[in-house]
Amino acid sequence: DVKVTQSSRYLVKRTGEKVFLECVQDMDHENMFWYRQDPGLGLRLIYFSYDVKMKEKGDIPEGYSVSREKKERFSLILESASTNQTSMYLCASSFRDRANTEAFFGQGTRLTVV
Amino acid sequence: KQEVTQIPAALSVPEGENLVLNCSFTDSAIYNLQWFRQDPGKGLTSLLLIQSSQREQTSGRLNASLDKSSGRSTLYIAASQPGDSATYLCAVRGGSSNTGKLIFGQGTTLQVKP
């Protein structure tokens, strides 16, 4: 059974804290993604990684950074959390070059910044 | 830049009805299109994947079609049930300027009334 696992289901952090969201996949996927989802705005891509140590900015990278040191793990870092980063964060993974395969999502992390 | 639109934003139907959800995209040079289901507060569950060379895919009561030339996909749900109530999202992978990113529509929230 394929799996994308996010480290926390719910998280509450204080303004200014450095926050780490972790995502692990067990499918040997090259691509990994971080999205945030907000009511009325849909899913917006924050960062995308297509290989170890490789990354591309998505539509809303400001205030975030990422790390991909191992193929199975993709970390999202909020350098200094702010209240406008309160959101649902979703991680996904897929094969890079196989068009006939699906992308899979984790269960999501609901982050609240107070 | 690839843009994905889903209409309608919300839909309410009585149990047993057949229904169609629509997805349109602006750049026809896609690798594949994927339909997802999302229950409130949860991650995304993959329903169907259509490769760019395919016209349709079926899984149980679900049928998804793809018309690349017109930039459209539809998700047909037969004999709807209350358990089908959820948000349905379509996502397009690829396009002239994309390298494998998934671009999402805003979703259609479906309510099936008993």
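Nothing in this text is a laboratory measurement; each read-out follows from the coordinates by a stated rule. In this text the structure is predicted, and so the values were computed from the model without any measurement. All Cβ positions, even for glycine, are placed from backbone atoms using ideal geometry, and neighbour counts span all protein chains on display.
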Worksheet item: Out of A:52, A:24, A:12, any idea which swings most in a Gaussian network model of chain A, alpha carbons joined below 10 Å?
Response: A:12
Discussion item. Tell me the Rg and the Dmax, in Å, that the Cα atoms of region A:60-114 produce.
Written reply: 13.5, 42
Fill in: ³J(HN,Hα) computed for each position of region B:69-74 - Karplus, 6.51 cos²θ - 1.76 cosθ + 1.60, integer Hz, glycine/proline x
4, 9, x, 9, 9, 10
Worksheet entry | Average beta-carbon neighbours from other chains, 10 Å sphere, peptide A:30-36 | 2
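Do any trypsin sites (Lys or Arg not before Pro) in region A:1-77 lie in a loop, going by DSSP, with at most 14 other beta-carbon atoms within 10 Å of their beta carbon, and if so which? Numbers along the way, then the final one.
Details: sites: A:3, A:9, A:13, A:14, A:18, A:36, A:44, A:53, A:55, A:57, A:68, A:70, A:71, A:73; in loops: A:3, A:9, A:14, A:18, A:53, A:71.
Here the sparse-neighbourhood loop sites are A:3, A:9, A:14, A:18, A:53.
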Worksheet, complete the sentence: Scoring only Lys, Arg, Asp and Glu (+1, +1, -1, -1) among other residues with Cβ under 11 Å from the Cβ of residue B:50 yields 0
Worksheet entry | In region B:1-80, the GluC sites (Glu not before Pro) that fall in loop regions by DSSP, at most 14 other Cβ within 10 Å | B:3, B:15, B:17
Worksheet, complete the sentence: With residue B:25 itself left out, Lys, Arg at +1 and Asp, Glu at -1 over residues whose Cβ is under 12 Å from its Cβ give +1
Discussion item. Spelling out what I want: for every residue of region A:54-70, take phi, set θ = phi - 60°, compute 6.51 cos²θ - 1.76 cosθ + 1.60 (Karplus), and round to whole Hz; glycine and proline get x.
Written reply: 9, 8, 9, 6, x, 7, 9, x, 5, x, 10, 9, 9, 9, 9, 8, 10
Worksheet entry | Residue order, fewest to most beta carbons within 10 Å, for B:104, A:48, A:33, A:95 | A:95, B:104, A:48, A:33
Fill in: Of the GluC sites (Glu not before Pro) in region A:22-67, those whose Cβ has at most 13 other Cβ within 10 Å and which sit in DSSP loop
A:62
Worksheet entry | Hull volume in cubic angstrom per residue (convex hull over the Cα atoms of region B:1-72) | 120
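Is there a pair in A:13/B:101; A:57/B:1; A:3/A:71; A:53/B:42 whose C-alpha atoms are over 25 Å apart, and which pairs would that be? All intermediate terms of the calculation are to be shown ahead of the outcome.
Working: A:13/B:101 29 Å; A:57/B:1 14 Å; A:3/A:71 14 Å; A:53/B:42 29 Å.
Violating the 25 Å limit, Cα to Cα: A:13/B:101; A:53/B:42.
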Worksheet item: What is the fewest-to-most order of B:88, A:50 by other Cβ atoms lying within 10 Å of their Cβ?
Response: A:50, B:88
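Please report, in cubic angstrom per residue, the volume enclosed by the convex hull of the alpha-carbon atoms of region A:4-114.
Values: hull volume 10.4 nm³, N = 111.
For region A:4-114, the hull spanned by Cα atoms encloses 94 Å³ per residue.
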Practice prompt. Obtain the radius of gyration and the Kirkwood radius of region A:1-46 from its C-alpha atoms and give Rg over Rh.
Written response: 1.01
